[in-house]
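These notes concern the structure reproduced below.
The values are calculated or read from the model by the stated rules, or taken from the named source; none is laboratory data. Worth saying up front: this structure is predicted, and the values here are computed from it rather than measured. So basically every Cβ, Gly included, is an ideal-geometry build from the backbone, and we count neighbours across all protein chains shown. Surface areas here come from the heavy atoms of the whole protein model, side chains and all, with no ligands, DNA or RNA. Shrake-Rupley method; radii C 1.70, N 1.55, O 1.52, S 1.80 Å.
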Amino acid sequence: MLSRRRRRNAVRGMVMALTAATLAACGAERPEVLLGITQANQTIETSDPPPEKKDDSGPQRTAGNVPMEVLAPGEKPPQFVLFSFDGVGVSENWDLFLETAKSSDSRFTALMTGLYFLADDHKKEYQGPGYQPGESSLAFGGSKAEVVEQVEYLNRTWYDGHEMGTHYVGHFCAGTKNPGKDWSTAEWNHELDQFFRLMTDWKSINNLLDAPDLAFGADVVKGGRTPCLEGGMGQLFPALGQHNMTWDSSKSARQPGIYWPTKVGSIWEFPIPYTWSPPLNHRQTALDYNYWYTFNQAKDAPGKAPQIRKIVKESYDYMFMRAYEGNRAPLVIANHFNDWSGNAFNPATADFMSEVCVKPETICATYQDVIAWMELQDPQVLGVWEDMPPVAVDADS
């Protein structure tokens, strides 16, 4: 029998295969589915009450790494890099990024799949929009012991200072009977209700009352990424607002290049970049699966892993260089922990994290901290940077 790690990767591969026709129709390079008074330079002081005395008997969460300082006119913003990982499941790659982030003082965002809170024996506790209880396009959480292991990894991630977001639950993409791209606001609300129920009630649902608690609550989840980058803003964003969420990172970029995020109603949208890739010599949606699809239509080819890693790393290096030397727009790096095609992607992303996150004026941060920093700024001062043209559009910009 396949281990849960391998089952998840195998099922995820089948889900991705469902989108191949859509990817081909949209073009391998850019598939639309996969995807008090303060002064400048002073740290902001708030009127919040002093923090409660810490209980040193248990683990304490690592603080954020974004200095909440106001830019002076003409001053450069930091180069933010936002690493996020879809559907985090127990894997050696999870260990890799926890270790890499710690050594480079980085923070990333772990996008949780609700299914992994649910043991296989209790899978009928989930019902997706338009589906029967227990139906999903991904594997569930496995045994009860595996669900507990998943929670232990989530707790470790939280205490290391990383952000927790959602990758929703059933992973219903193009090719299924009711894909997310067709969902109404009511259906997205239903899916989010299911996610938060599984997240908060997992112990009672799985009859694991003696298991360790999840170290954080539903209130910390302020954003996420939809499966296969599906779902229209007009339908998804109202549901996010109704669940007190503030950001999304699901949409393919509306134009080529790297540019500053925009606020749509109450939701900040951080798009998946569509940028020039020097090793591919064309524009490319900067998502690991999309690089794989461009390379060989997402066929398993472990022997080609070194070539894929080179393409991904050189593409990320180019994106960073253009943003750092140009408009300083936050750089979104969207990935998975899956060991696709000989684990072709995670080593390249980890190398990129370890190199760029220690550079001067560079902060590898969470979405929530970047939003807090942006909302702190004088709109006119930050607006000068936001109005700069996109970068990494082609080989010369």
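Where does the chain land at 222 nm, in deg cm²/dmol rounded to the nearest 500, when only DSSP H runs of n ≥ 4 count, each adding -39500 (n - 2.57), divided by all residues?
-11500 deg cm²/dmol
If you take the beta carbon distance between Lys263 and Tyr159 as r and set R0 to 25 Å, what does 1/(1 + (r/R0)^6) give as a FRET efficiency, to the nearest 0.05?
Calculated value: 0.25.
For Cα pairs less than 8 Å apart in space and 6+ apart in sequence, what is the mean separation divided by the residue count of segment 297-397, i.e. the relative contact order in percent?
Answer for segment 297-397 is 38 percent.
Quick query: amide H of Met388 versus all other amide H atoms, modeled in the peptide plane; which residues come in under 5 Å with a sequence gap of 5 or more or a different chain?
Sorted by chain and number, the residues that satisfy this come to none at all.
Any lysines with Cα under 22 Å of the Lys124 Cα? List them, leaving off those in the same chain fewer than 8 positions away.
Lys144, Lys177, Lys203
With every protein chain left in place, what is the accessible area per residue of the chain in square angstrom, probe 1.4 Å?
41
Which one of Phe320, Tyr274, Val264 has its Cα pushed farthest toward the positive end of the charge dipole of the chain, where Lys and Arg give +1 and Asp and Glu give -1 at the Cβ?
Tyr274
Among all the aspartates and glutamates, which ones have a C-alpha under 14 Å from Lys181's C-alpha, if same-chain residues fewer than 8 places away are not counted?
Glu32, Glu191, Glu230
What does a probe at Glu99 reach in segment 338-355, counting residues whose amide N is under 18 Å from the point 7 Å along Cα→Cβ?
338-339, 343-355
Give the cross-link partners of Lys304 among the lysines, using a straight C-alpha distance below 18 Å as the criterion and excluding same-chain residues fewer than 8 apart.
Cross-link targets: Lys313.
Please give the FRET efficiency for Gln132 paired with Met321, using the beta carbon to beta carbon distance and R0 = 41 Å, rounded to the nearest 0.05.
Efficiency for this residue pair is about 0.25.
Ala63 versus Asp351, label points 7 Å from Cα toward the beta carbon: distance in nm?
With each label placed 7 Å out from Cα toward Cβ, I get 3.5 nm.
How many percent of the accessible area of the chain is carbon or sulfur, using a 1.4 Å probe?
Within the chain, the accessible surface is 50 percent carbon and sulfur.
Amide H neighbours of Thr113 under 5 Å, counting only residues 5+ apart in sequence or on other chains, H built in-plane at 1.01 Å?
Gly87, Val88, His167
Express in nm, to one decimal, how much length is gained between Asp213 and Glu92 on full extension, taking 0.36 nm for each residue of separation and deducting their alpha carbon distance.
Full extension from Asp213 to Glu92 adds 41.3 nm.
Need the full-extension length gain, Asn244 to Lys76, defined as separation in residues times 0.36 nm minus the C-alpha distance. One decimal, nm.
Additional length available on full extension: 57.3 nm.
Please give the Cα centre distance for segment 331-397 versus segment 249-317, rounded to the nearest Å.
Comparing the Cα centres of segment 331-397 and segment 249-317, I get a distance of 12 Å.
Show me the ranking of peptides 239-245, 78-84, 212-218 by mean Cβ neighbours inside 10 Å, starting with the highest.
78-84, 239-245, 212-218
Which of the trypsin sites (Lys or Arg not before Pro) found in segment 176-213 are loop residues per DSSP with 11 or fewer other Cβ atoms within 10 Å of their Cβ?
Loop-located and lightly packed - Lys177.
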